[in-house]
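Colleague: Here's a structure for you.
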Amino acid sequence: MRTIFLFLFISMAALDAKASHVNSISNQIHQLRPKTGSSGHPVPQLNCLSWRLAVETNNIKDWKLVPLQCEGYVGHYMLGKQYREDCYNVVAAAIQYAKTLKIAKDGKDVWIFDIDETTLSNLPYYARSDVAFGAIKFNATKFDEWTREGKAPAVPGALYLYKALLSMGIKPVFITGTKEEFRQIRIANLKKVGYNSWIKLVLKGVNDTGSSVMYKSAKRAELVKMDIESLVT
């Protein structure tokens with residue numbers, strides 16, 4: 001099996017792509033425009049820009065919470081135009097990469113999608129006042145309740161990438177840290193937003209332990225070792 005990986009990170013620099021899709025999104029706040037302190041006056045939330053950069057460059061490791069003073073900063077970014085532009089430009093880069101691959105179109109080319117914040121977005125949950133974009137401690141019970149609703153929207157641009165890969169003859173596999181007990185809810189949610197077909201959906205079983213990174217890395221390694229015929233069954 002030929003396996004292709006893509007990790008969509010919102011921290012990638014914005015290029016120029018899919019602006020028409022971005023402009024059609026409703027309920028935006030505004031595009032975040034960090035300012036400099038060249039005038040010598042204090043600039044509100046400039047420290048939050050520094051914090052974000054340190055997180056994206058992995059200079060701040062194992063952080064658990066968004067600093068409370070940065071809740072508004074993160075919220076404006078996630079609900080505004082810039083986040084969507086960043087997502088679409090990562091998608092544009094992914095499609096360009098896919099076009100460089102030698103696709104045999106024999107059904108053995110697979111693209112492994114992460115569901116969590118890569119194909120499905122939990123933004124409506126994180127925007128809630130009792131979650132505060134990650135500035136309030138994670139509550140597993142509340143998150144399970146949100147998952148059970150099956151209302152997660154598609155991450156901006158992800159559905160476009162999914163359809164583009166299908167048209168190239170690449171088959172999707174989905175992996176998620178969602179518990180196995182939510183399988184049918186996840187399936188319904190995926191199909192509701194437009195992900196209508198895949199050859200395998202991997203959820204977290206009761207015996208799967210460790211961090212999300214460790215769990216998903218192990219599952220990806222297992223998938224790479226499997227034949228395409230095994231994945232289909």
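What follows draws every value from the coordinates through simple rules; no lab data is involved. Everything numeric in this text was worked out from a predicted model, so none of it was measured. Positions of Cβ are generated from backbone atoms using ideal geometry, with glycine treated the same way; all protein chains shown enter the neighbour counts.
Colleague: Residue 52: net charge of surrounding residues, Cβ under 13 Å, Lys/Arg +1, Asp/Glu -1, itself excluded?
Modeller: On the way: positive: none; negative: 56, 71, 86.
Residues near residue 52 contribute -3 overall.
Colleague: Based on the mean of other Cβ atoms within 10 Å per residue, sort peptides 156-167, 215-226 so the most packed one is first. Write out the running numbers ahead of the final one.
Modeller: Values: 156-167: 19.3, 215-226: 14.6.
Those peptides, ordered most packed to least, come out 156-167, 215-226.
Colleague: Residue by residue through segment 103-109, which ³J(HN,Hα) values in whole Hz follow from phi under the Karplus form 6.51 cos²θ - 1.76 cosθ + 1.60 (θ = phi - 60°), with glycine and proline marked x?
Modeller: Result, ordered by residue: 8, 7, 6, 9, x, 10, 9 Hz.
Colleague: Kindly provide log₁₀ I(q)/I(0) values, in the same order as q = 0.19 Å⁻¹, from the Debye equation applied to equal alpha-carbon scatterers of segment 158-230.
Modeller: Result of the Debye calculation: -0.91.
Colleague: How long is the gain from residue 49 to residue 93 if the chain were fully straight, where each residue apart is worth 0.36 nm and the alpha carbon distance is subtracted?
Modeller: Details: separation 44, 0.36 × 44 = 15.84 nm, distance 2.45 nm.
Stretched out fully, the residue 49 to residue 93 stretch lengthens by 13.4 nm.
Colleague: Would you please name the trypsin sites (Lys or Arg not before Pro) within segment 72-108 that are DSSP coil residues with at most 12 other C-beta atoms within 10 Å of their C-beta? Intermediate values should be presented prior to the final figure.
Modeller: Details: sites: 81, 84, 99, 102, 105, 108; in loops: 102, 105, 108.
Here the trypsin sites (Lys or Arg not before Pro) that fit, given the DSSP loop and packing criteria, are 102, 105.
Colleague: Could you list which residues have their amide H under 5 Å from that of residue 200, counting only those 5 or more apart in sequence or on another chain, with H placed in the peptide plane?
Modeller: The answer is 174.
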